[in-house]
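As structure tokens, the structure follows; a few thoughts come after it.
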């Protein structure tokens, strides 16, 4: 963070603008990066996380999409829990929500899933889940809910899916994934040092000056408070938050955009626009039909990223989402069944995406009550069908074969 500032009663932070991709999309590139390249990226991110711990900061939501890489593949850890720092200044009705901000479900440590406060060892767990996922293109533990994820964690050690990754790397990650926090590494530094011993310097040039052009508001509290599903504290200017969201969405755009979507650099050059303004250009938006086509092709992660972006745009513009979320959930379920029959490991991710979106339909329907063209009497039928999709995807995830 370069400096704080104030505009009237509003507070903002000027942060570095990173022109690149996040670790999630880096791992999805074609050709796929080697295990050495992925480990090197996370070694750098791990040092950043360790430095934060030294400063008394627990990240609380570490995941691949929160590791930003510049053109030199130099990582920055983003989306720190600034909400925790600001909690005393938040309105009373928001403090409880901020206090219980737990992170993103697949990356949450078992002690956090049980309701305990996460510390630096919970960050270590999230780091190891993230690196495991990037190496295998699959999460080590699967669960559509807190209970199911905890059950999968307690059941057994994760199964390695990528035979190219040395067992020595797995051994390091399994220590960080110990169920008892006391059995993990004593610090992030110790974990990173264990990875260092497995690797020689990667030869990636360290940028001589990380401070490049700064876009005022590009990462303003959007990093800190997780735009699009995170928590927004009162007092942050809406126009600044939307502008930050536009850049974040651009920086995490799919490597191969769906349809005629804007390239990342095109969006980044339009840094004066808000997310809502960018969404006015229909060429920059993936249609539901395009997303479903990607799902049917088995390109699950690209479809997921495209739909997530379109969903966030609709949320900002207050556009209906329930109907299409239902279609997306159903398409993910059908794809999960087909991929599983083909022996494609991506079926689990498709099934998890199906449960994720099906579980949100009830809330979306309630939010859209009174929307033109929606019959309130149909809500029960929609919820019942969403439950059917959810249960079918859950059954698929818990099946033995």
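Things worth noting here:
- Qualifying residue in segment 169-179 (condition: in contact with a helix residue (DSSP H, G or I) (Cβ under 8 Å, 6 or more places away or on another chain), crowded, with 20+ Cβ neighbours inside 10 Å, assigned to a loop (DSSP other than H, G, I, E, B) and modelled with pLDDT of 85 or more): yes
- Residue match in segment 49-72 (condition: assigned by TED's automatic domain parsing to the domain that holds residue 26, at pLDDT below 60 and under 19 Å from the mean Cα position of the chain (by Cα)): no
- Scanning segment 124-146 finds one or more residues that are farther than 25 Å from residue 299 by Cα, surrounded by fewer than 22 Cβ atoms within 10 Å (Cβ to Cβ) and touching a helix residue (DSSP H, G or I) at 6+ places or on another chain (Cβ under 6 Å).
- Meets criteria (buried (at least 20 other Cβ atoms within 10 Å of the Cβ) and modelled with pLDDT under 85) for residue 79: yes
The values are calculated or read from the model by the stated rules, or taken from the named source; none is laboratory data. Keep in mind the model is a prediction, meaning the values are calculated, not measured. Neighbour counts are summed over all protein chains in view; Cβ atoms, including those assigned to glycine, are modelled from backbone coordinates with ideal geometry.
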